[in-house]
Amino acid sequence: MNALSVAGLRVTFGTREILKGVDLDVPFGELHVLMGPNGSGKSTFCHALMGRPGYETTGSALVGGADVLSLPVHERARAGLFEGFQYPVEVPGVTLDELISEMALVGGPGVAERAAEAVRSLDAAEFLPRMVNVGLSGGEKKRSEMLQLAALAPHVAILDEIDSGLDVDAVREVAEAVEAMRGPELGVLVITHYTRILRYLTVDKVHVLMQGAIVATGGRELADRLDAGGYDVLRRELGITAEGASGGDFLAGL
Amino acid sequence: MNVRLAALADLPQGGTKVEALGHRIALFRIEDDVYAIGDRCSHAEASLSEGEVFDLEVECPRHGSSFDLQTGEPHTFPATQPVPVYEITVVGGIVFADLEPIEEES
């Protein structure tokens, strides 16, 4: 059984089919990376898995063996799916400590215990009495998210562009926090279009998403090749016409 | 390792003695902040959790030495040695400490 097992995932938003049959497995204990140019469907993949309204899906997405595609968002979370947001939402009026207390009511006493450990390892005690994400810097928001991740102990963590808007030191800190979370009961999928965060991560596999499908899967070296030559190298090799590069399409993907 | 000591709601204001992994710990709740130091006075056998708390100091009930709740240092005689200080994390209404197991004193 895999932490995440996506098969034949097609996603339509309005009249646009954005994902055209995505197959992707993340085994427990592994860290995979999903890369792709702007507009390739990376964020759609993330939104559709988590259950954001407006996305029509077919296919299957198994989290720890259970298909989550027909579940409401909170049940997907309970099934063990975690999404780390590109831009974590501010929640005025709710402190992080209150949020963790609520998590513990549903998730049991282990939640507070894991949270306490993460508070120490992430040096995040100062965030507890503060409103969730309110007034935190980009890097602090990511640490706060890593704390929630650790407390929930999901089967799979999908980290969407966790490196965007961060300075070099913060990127390294977040990467180190991700590495610290790794274990035999967690699969991690990092979504990114930059390779700089990969410098600090031990990557098991890299998947490349283009025009709504996984067009290449490989090891770390695949990311390095994309870093050196850009996505055009891959497009030429695979004979993909750069449909996604036209201005109209790019804007539609935003 | 991370050890659960108490639920914050169960702690009265002032001192409470708890034991965990061979440590005898005096927990002090002041409003909603929690401090933790070694319960045994460094001068003679006495339980600091039974002492009176003034600001962030506790006065030993036996000979009156006062100890700083944040540093464990004694501020008055007869004690001259500090008591241990424990790092406390209160999250989700639960009080945790980071402890290494020690052998029980005989």
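The values are calculated or read from the model by the stated rules, or taken from the named source; none is laboratory data. Every value quoted in this text rests on a predicted model; they were computed, and no experiment measured them. Please note: Cβ atoms are built from the backbone with ideal geometry, for glycine as well, and neighbour counts cover all protein chains shown.
For the stretch A:190-209, how many residues are surrounded by 22 or more Cβ atoms within 10 Å (Cβ to Cβ) and out of contact with any strand residue (DSSP E or B) (no Cβ under 8 Å at 6 or more places or on another chain)?
So the count comes out to 0.
Which of the following residues is among the charged types (D, E, K, R), free of Cβ contacts under 8 Å to residues at least 60 places away in the same chain and within 22 Å of A:Asp163 (Cβ to Cβ): A:Arg52, A:Arg78? Talk me through it step by step, then tell me what you get.
Values: A:Arg78 fails: within 22 Å of A:Asp163 (Cβ to Cβ).
Checking each option against the conditions leaves just A:Arg52.
Every residue in the stretch A:2-37 that is out of contact with any Leu (no Cβ under 8 Å at 6 or more places or on another chain), surrounded by fewer than 17 Cβ atoms within 10 Å (Cβ to Cβ) and outside any strand (DSSP E or B), please.
Once the filter is applied, which keeps residues that are out of contact with any Leu (no Cβ under 8 Å at 6 or more places or on another chain), surrounded by fewer than 17 Cβ atoms within 10 Å (Cβ to Cβ) and outside any strand (DSSP E or B), the stretch A:2-37 yields A:Gly14, A:Thr15, A:Pro27.
Looking at (1) under 19 Å from B:Gln81 (Cα atoms); (2) touching a helix residue (DSSP H, G or I) at 6+ places or on another chain (Cβ under 6 Å), which one does B:Lys17 not meet, given that it meets all the others?
Every condition holds for B:Lys17 apart from (1).
Can you tell which of A:Asp224, A:Asp249, A:Asp232 is part of a helix (DSSP H, G or I), at pLDDT below 85 and surrounded by fewer than 18 Cβ atoms within 10 Å (Cβ to Cβ)? Quick ask: steps written out before the conclusion?
Details: A:Asp224 fails: at pLDDT below 85; A:Asp232 fails: at pLDDT below 85.
Just a single option satisfies the conditions, and that option is A:Asp249.
With the structure loaded, tell me whether A:Asp97 is touching a residue at least 12 places away in the same chain (Cβ under 8 Å), in a helix (DSSP H, G or I), of a type in the set (D, E, K, R) and within 13 Å of chain B (Cβ to nearest Cβ) or whether it fails that test. Spell out the reasoning first.
Details: touching a residue at least 12 places away in the same chain (Cβ under 8 Å): yes; in a helix (DSSP H, G or I): yes; of a type in the set (D, E, K, R): yes; within 13 Å of chain B (Cβ to nearest Cβ): yes.
For A:Asp97, the condition - touching a residue at least 12 places away in the same chain (Cβ under 8 Å), in a helix (DSSP H, G or I), of a type in the set (D, E, K, R) and within 13 Å of chain B (Cβ to nearest Cβ) - is met.
I'd like the residue in the stretch A:83-94 that is surrounded by fewer than 19 Cβ atoms within 10 Å (Cβ to Cβ) and under 25 Å from A:Ala48 (Cα atoms) and, out of all such residues, is nearest to the other protein chains (Cβ to nearest Cβ). Talk me through it step by step, then tell me what you get.
First, pick out the residues of the stretch A:83-94 that are surrounded by fewer than 19 Cβ atoms within 10 Å (Cβ to Cβ): A:85-94.
Those left that are additionally under 25 Å from A:Ala48 (Cα atoms): A:85-91.
Values: A:Phe85: 22, A:Gln86: 26, A:Tyr87: 25, A:Pro88: 19, A:Val89: 21, A:Glu90: 20, A:Val91: 16 Å.
Among residues in the stretch A:83-94 that are surrounded by fewer than 19 Cβ atoms within 10 Å (Cβ to Cβ) and under 25 Å from A:Ala48 (Cα atoms), the one nearest to the other protein chains (Cβ to nearest Cβ) is A:Val91.
Out of A:Arg130, A:Arg182, I need the residue that is surrounded by fewer than 21 Cβ atoms within 10 Å (Cβ to Cβ), in contact (Cβ under 8 Å) with a residue 40 or more places away in the chain and at negative phi. Which one?
On the way: A:Arg130 fails: in contact (Cβ under 8 Å) with a residue 40 or more places away in the chain.
After applying the criteria, what remains is A:Arg182.
Which of the residues that make up the stretch A:26-51 are over 15 Å from A:Val208 (Cβ atoms) and over 14 Å from the mean Cα position of the chain (by Cα)?
Correct list: A:Pro27, A:Phe28, A:Gly29.
When residues of the stretch B:73-94 are filtered for being under 16 Å from the mean Cα position of the chain (by Cα), surrounded by fewer than 19 Cβ atoms within 10 Å (Cβ to Cβ) and of a type outside the set (A, V, I, L, M), how many remain?
Qualifying residue count for the region: 6.
Got a sec? Which of B:Glu52, B:Glu59, B:Glu103 is crowded, with 16+ Cβ neighbours inside 10 Å and more than 14 Å from chain A (Cβ to nearest Cβ)? Walk me through it before giving the result.
Details: B:Glu52 fails: crowded, with 16+ Cβ neighbours inside 10 Å; B:Glu103 fails: crowded, with 16+ Cβ neighbours inside 10 Å.
After applying the criteria, what remains is B:Glu59.
From the residues in the stretch A:100-147 that are part of a loop (DSSP other than H, G, I, E, B) and away from chain B (no Cβ under 12 Å), which one is farthest from the chain's Cα centre (by Cα)? First the steps, then the outcome.
The initial filter retains those residues of the stretch A:100-147 that are part of a loop (DSSP other than H, G, I, E, B), namely A:108-109, A:122-124, A:128-130, A:133-137.
Next, from what is left, pick out any that are away from chain B (no Cβ under 12 Å): A:130, A:133-137.
Values: A:Arg130: 25, A:Asn133: 18, A:Val134: 22, A:Gly135: 23, A:Leu136: 20, A:Ser137: 20 Å.
Of everything passing the filter in the stretch A:100-147, A:Arg130 is farthest from the chain's Cα centre (by Cα).
Which residues, counting only those in the stretch B:73-106, are farther than 19 Å from B:Ala44 by Cβ and not in a loop (DSSP other than H, G, I, E, B)? First the steps, then the outcome.
We begin by selecting, within the stretch B:73-106, every residue farther than 19 Å from B:Ala44 by Cβ; these are B:85-104.
Across the stretch B:73-106, the qualifying residues are B:Val85, B:Ile88, B:Thr89, B:Val90, B:Val91, B:Ile94, B:Val95, B:Phe96, B:Ala97, B:Asp98.
With the requirement that a residue be within 14 Å of chain A (Cβ to nearest Cβ) and in contact with a helix residue (DSSP H, G or I) (Cβ under 7 Å, 6 or more places away or on another chain), what does the stretch B:62-99 give you?
First, the residues of the stretch B:62-99 that are within 14 Å of chain A (Cβ to nearest Cβ): B:86-99.
Hits for the stretch B:62-99 are B:Thr89, B:Val90, B:Val91, B:Gly92, B:Gly93, B:Ile94, B:Val95, B:Phe96, B:Asp98.
Could you check the stretch A:133-153 and list, in sequence order, the residues that are surrounded by 16 or more Cβ atoms within 10 Å (Cβ to Cβ) and over 19 Å from A:Asp169 (Cα atoms)?
Scanning the stretch A:133-153 gives A:Asn133, A:Gln148, A:Leu149, A:Ala150, A:Ala151, A:Leu152, A:Ala153.
State which residue is nearest to B:Leu99 (Cα to Cα) when the search covers only the stretch B:58-72 and only residues that are at pLDDT below 90 and in a strand (DSSP E or B).
B:Val58
Filter the stretch B:1-21 down to the residues that are more than 10 Å from chain A (Cβ to nearest Cβ) and of a type in the set (S, T, N, Q), then identify the one that is surrounded by the most Cβ atoms within 10 Å (Cβ to Cβ). Can you show your working first?
Narrowing the stretch B:1-21 to residues more than 10 Å from chain A (Cβ to nearest Cβ): B:5-6, B:8-21.
Remaining after also requiring of a type in the set (S, T, N, Q): B:13, B:16.
Working: B:Gln13: 11, B:Thr16: 21.
Restricting to residues being more than 10 Å from chain A (Cβ to nearest Cβ) and of a type in the set (S, T, N, Q), the top hit is B:Thr16.
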